[in-house]
1. Could you tell me which of the residues 46, 33 is buried (at least 17 other Cβ atoms within 10 Å of the Cβ) and over 23 Å from residue 168 (Cβ atoms)?
2. Given (1) of a type in the set (Gly, Ala, Ser); (2) buried (at least 18 other Cβ atoms within 10 Å of the Cβ); (3) in the same structural domain as residue 154 (by TED's automatic domain parsing), identify the lone condition not met by residue 277.
3. Just to verify a result, which residue in the range 157-167, among those that are in contact with a Ser or Thr (Cβ under 9 Å, 6 or more places away or on another chain) and in a loop (DSSP other than H, G, I, E, B), is farthest from residue 217 (Cα to Cα)?
4. Of all residues in the range 161-189, how many are surrounded by fewer than 24 Cβ atoms within 10 Å (Cβ to Cβ), within 16 Å of residue 127 (Cα to Cα) and of a type outside the set (Asp, Glu)?
5. In the range 68-156, which helices (runs of 4 or more DSSP H) lie fully inside it and hold 2 or more residues that are over 23 Å from the mean Cα position of the chain (by Cα), modelled with pLDDT of 95 or more and of a type in the set (Ser, Thr, Tyr)?
Amino acid sequence: MKHLLKLSDLTSEEIFGILNLADQLKYERKNNIRHHYLEGKTLGMIFQKSSTRTRVSFEVGMNELGGYALFLSDRDLQIGRGEPIKDTVRVLSRYLDGIMIRTFAQQDVEDLARYGSIPIINGLTDYCHPCQVLADLMTIREYKGSLKGLKLCFVGDGNNMANSLIVGGIKTGMEVAVACPLEYQPDEKIVAWARETGKLTITADIRSAAEGADVLYTDVWASMGQEAEKAEREKAFRGYCIDTELMSLAKPDAMVLHCLPAHRGEEITDEIFEAHADDIFDEAENRLHAQKAVLVKLLKR
């Protein structure tokens, strides 16, 4: 494992290795066990998209691991003024031990890895969100004891979250069902891979997707960069909501996850959000532990 660009690059064994280390690091943190595994290491964090959880969890994570996180806005870097990524990363590789980037284009992440000489971590792109899904898998396993054989139902846009949940779910032995409007389906190549590799259902019927689910998951209807489509998306996604009726179709002990921020009353009702707040905020906390595991795997040399 040289980078974390997308989950499809990782083997199932590598994913479980990250989850196991994340469990260990969480235990150590809860018990005040010092774990400065990255003492003297510096992580550059490039943000072309705003963030709450990604910035805070990576910055705190590096501090707790004994390293240093450097915030790099695209407004402060020369890439914001037209410098090619391949030039920027070749310079940063001389200064830093690793880079985390939160951006729009997946190709930017791939180019950082291609032209740089240090580990690259995808903090989010429009194509995928591997760090979030590692935290999701960690949370599901904490609540359910294991992942294999569970049914994960995602409700909403076939976006970066759907893409990564499909890959992460299939690679860890889960059945995945995605309920989305026909014009907002996940990436075709990911869908084709998943159908050959595991059990995947893509449907516009939210009720059939949720039936018998162990985990219900949703995300906002319009992500960053899609604000101009808000009215159109509200119309297309009307009814794609986790509510009491949908929960009645899932298993009685089904958990609910949301990558946040949530638009209560749209993709999830306030009642269901609050009823499953422990699930959701444990999931948010686990961003810290899962990402610390990724950092240790990539930067500890």
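1. Exactly one residue qualifies, and that residue is 46.
2. Unmet condition: (2).
3. 159
4. Qualifying residue count, the range 161-189: 3.
5. 85-95
This table checks each residue for (1) surrounded by 12 or more Cβ atoms within 10 Å (Cβ to Cβ); (2) basic (Lys, Arg); (3) not in a helix (DSSP H, G or I).
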| position | (1), (2), (3) |
| --- | --- |
| 202 | yes, no, yes |
| 212 | yes, no, yes |
| 216 | yes, no, yes |
| 222 | yes, no, yes |
| 231 | no, no, no |
| 234 | yes, no, no |
| 240 | yes, no, yes |
| 245 | yes, no, no |
| 250 | yes, no, yes |
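The values are calculated or read from the model by the stated rules, or taken from the named source; none is laboratory data. Note that the structure is a prediction, hence the values are computed from the model and not measured. For neighbour counting, all protein chains shown are included, and Cβ atoms are generated from backbone atoms with ideal geometry for every residue, glycine included.
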